[in-house]
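Notes follow once the structure below has been shown.
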Amino acid sequence: MKTIANLQEAELALEPFWPANLRGRTVYTTEYMERFMEFVHDPQNKPRVVHIAGTSGKTSTAYYVASLLKQAGKRVGLMTSPHIEALSERAQVDLEPLPEAEFCSELSSYMDLVWQSGITLSYAEIIYGFAFWEFVRQRVDYIVVEVGMGGLLDATNVIDREDKVSVITDIGLDHTNVLGDSLEEIARHKAGIIRLHNSVFMHRQDDAVMGVVREVSMRRQADLHIVERTADAPGFLPLFQRRNFSLATNVVSFILQRDNIGQLTPAQISDAARVHIPARMEQFRKKRKIILLDNAHNPQKLHALREAIDEQYPNKSIALMLAFVAGRGRNTEEMIEAIIPVSEHVIATTIPAGSHNRGSCDPDEIADICGTNHVAAEAIDDTTEAYHALLDRPEDVLVVTGSTYLLEHIRPLVRI
């Protein structure tokens with residue numbers, strides 16, 4: 001294929017591989033990824049790996065693990081999903097995306113291998129495979145891998161190393177249309193990343209979740225480590241991030257001891273906690289207002305965001321801008337009711353059309369649910385217009401939350 005010159009061309013080159021454009025194959029399976037990884041000599045099994053599944057906290061925990069390992073002097077590959085602004089965020093080295101020219105050059109070489117293989121891959125499989133392949137070329141010491149959805153059948157679940165560290169973040173009801181509509185079913189998908197003799201880390205959770213993870217760990221002869229405390233996390237972090245950081249510090253402390261690397265100092269741990277995580281309680285100042293961006297897109301995440309806002313801005317008035325992707329087994333009313341108690345006013349909007357967007361929840365429906373719960377709301381279909389209406393609000397703190405694809409559109413506007 002022709003050389004990819006920039007990130008826009010990269011997205012266009014990958015568009016044919018979106019699930020909606022693939023015919024004649026099942027998307028949610030590891031079969032094609034396993035075959036392709038073998039074709040490119042199994043790069044996913046070469047560096048040491050931390051593999052992270054869960055409903056909430058995966059991305060933040062991944063960033064914290066990578067940041068802590070970097071503080072230990074290690075070269076770290078970080079694979080997260082989805083990206084917020086640029087495709088290059090999907091494959092970071094030492095917490096930095098590759099420069100655009102290098103990313104595109106490497107992706108061009110990799111796409112030649114995709115075509116040579118004759119294997120029909122999906123968009124996600126191509127991106128995850130590229131990250132695995134690129135991290136070997138970048139000679140990283142460790143890779144930190146965030147699961148895309150579920151775990152058992154996720155395209156990242158092709159790592160066979162027995163010394164892999166499997167991390168299970170908080171599990172709740174999400175993607176129920178694919179993963180099942182009970183905690184037990186969803187937990188079984190998440191625990192599917194656990195392989196033979198892995199070390200497994202998680203916070204204590206609902207009994208239904210714990211029962212599944214214990215059973216899978218026992219069957220896989222894996223060592224299960226239950227993290228009981230969050231008190232060791234820095235107080236400057238939002239509440240939900242303290243929980244994620246505590247899990248990450250336990251994981252990395254174990255790795256450093258196992259691999260005969262010196263433990264981190266308190267100063268290094270504090271520095272690691274300050275890593276910048278896009279769209280996770282991300283704060284900007286504009287027109288003398290505080291703007292918060294957070295991609296909370298399920299009830300569990302939205303409830304955690306509400307608690308964090310209550311703690312950090314107890315005497316501030318709050319306005320919200322919301323948009324959600326339609327479907328995906330999520331209860332729209334439950335999501336809205338999880339976040340609106342914190343707000344004096346809500347602006348409901350849509351997600352701009354694009355290859356990533358499979359349709360938005362109706363803004364009028366969101367506004368009606370807010371009204372039923374006695375919270376003032378308005379619906380503005382145009383996303384940019386809705387953002388400018390938010391900026392004109394009198395409240396002290398302006399929060400944009402919901403779909404990642406909403407933040408993909410809004411974040412560049414905030415940064416102008």
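The values are calculated or read from the model by the stated rules, or taken from the named source; none is laboratory data. Quick caveat: nothing in here was measured; it's all calculated off a predicted structure. All Cβ positions, glycine included, derive from the backbone under ideal geometry; neighbour counts span all protein chains shown. Note: accessible area is taken over every heavy atom of the protein model, side chains too, but ligands, DNA and RNA are not part of it. Shrake-Rupley method; radii C 1.70, N 1.55, O 1.52, S 1.80 Å.
Listing for the model above:
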| read-out | value |
| --- | --- |
| Rounded, prolate or oblate (a/c below 1.5 giving rounded, otherwise prolate when a/b exceeds b/c) for the range 316-416 by Cα gyration tensor | oblate |
| Euclidean distance between Cα centres, the range 279-327 to the range 51-123, Å | 26 |
| Accessible area expressed per residue, the chain, with surrounding protein chains retained (probe 1.4 Å, Å²) | 40 |
| Rounded D (µm²/s) - the chain, Kirkwood Rh over Cα pairs, Stokes-Einstein at 4 °C, 1.567 mPa s | 59 |
| Whether the range 1-85 is rounded, prolate or oblate, judged on the alpha carbon gyration tensor where a/c under 1.5 counts as rounded | prolate |
| The chain, helix-only ellipticity at 222 nm - DSSP H runs n ≥ 4, -39,500 (n - 2.57), divided by all residues, nearest 500 | -12500 deg cm²/dmol |
| Stretchable slack from PHE39 to ASP310, in nm (0.36 nm times residue separation minus alpha-carbon distance) | 92.5 nm |
| Computed lengthening from THR332 to ASP392, 0.36 nm per intervening residue step minus Cα-Cα distance | 18.9 nm |
| Trypsin sites (Lys or Arg not before Pro) restricted to the range 1-53 and DSSP loop, no more than 16 other C-beta within 10 Å | LYS2, ARG23, ARG25 |
| Distance in nm between pseudo-label sites at SER182 and PHE236 (7 Å out along the Cβ direction from Cα) | 4.6 |
| Whole-Hz couplings from phi, Karplus 6.51/-1.76/1.60, listed for the range 255-272; x for Gly and Pro | 5, 5, 5, 4, 9, 6, 10, x, 5, 6, 7, x, 5, 5, 5, 4, 4, 4 |
| Whole-Hz couplings from phi, Karplus 6.51/-1.76/1.60, listed for the range 301-306; x for Gly and Pro | 5, 5, 5, 5, 5, 4 |
| Coil-residue trypsin sites (Lys or Arg not before Pro) of the range 155-241, DSSP, other Cβ within 10 Å capped at 11 | ARG204, ARG229 |
| GNM flexibility winner over the chain from MET33, MET149, MET218 (Cα, springs under 10 Å) | MET218 |
| Built amide H within the under 5 Å cut-off of LYS286, gap 5+ | ILE291 |
| Radius, Kirkwood style, for the range 86-230 when every pair of distinct Cα atoms is counted (Å) | 16.8 |
| Accessible area of the chain belonging to carbon and sulfur atoms, whole % at 1.4 Å probe | 47 |
| Max mean-square fluctuation residue, GNM over the chain, Cα-Cα springs under 10 Å, options LEU12, LEU391, LEU98 | LEU12 |
| Amide hydrogen neighbours beyond the local backbone of ASP141, cut-off 5 Å, H modeled | ARG75, VAL76, GLY77 |
| Area accessible to solvent at ILE269, 1.4 Å probe radius, in Å² | 50 |
| Length gained when the stretch GLU15-MET218 is fully extended (0.36 nm per residue, less Cα-Cα span) | 69.0 nm |
| Pair THR3, TRP115: separation of 7 Å Cα→Cβ label points (nm) | 1.5 |
| Heavy-atom SASA rank of LYS58, LYS74 (probe 1.4 Å, accessible area, largest first) | LYS74, LYS58 |
| GNM top mover of ILE143, ILE277, ILE159 - the chain, alpha-carbon springs below 10 Å | ILE277 |
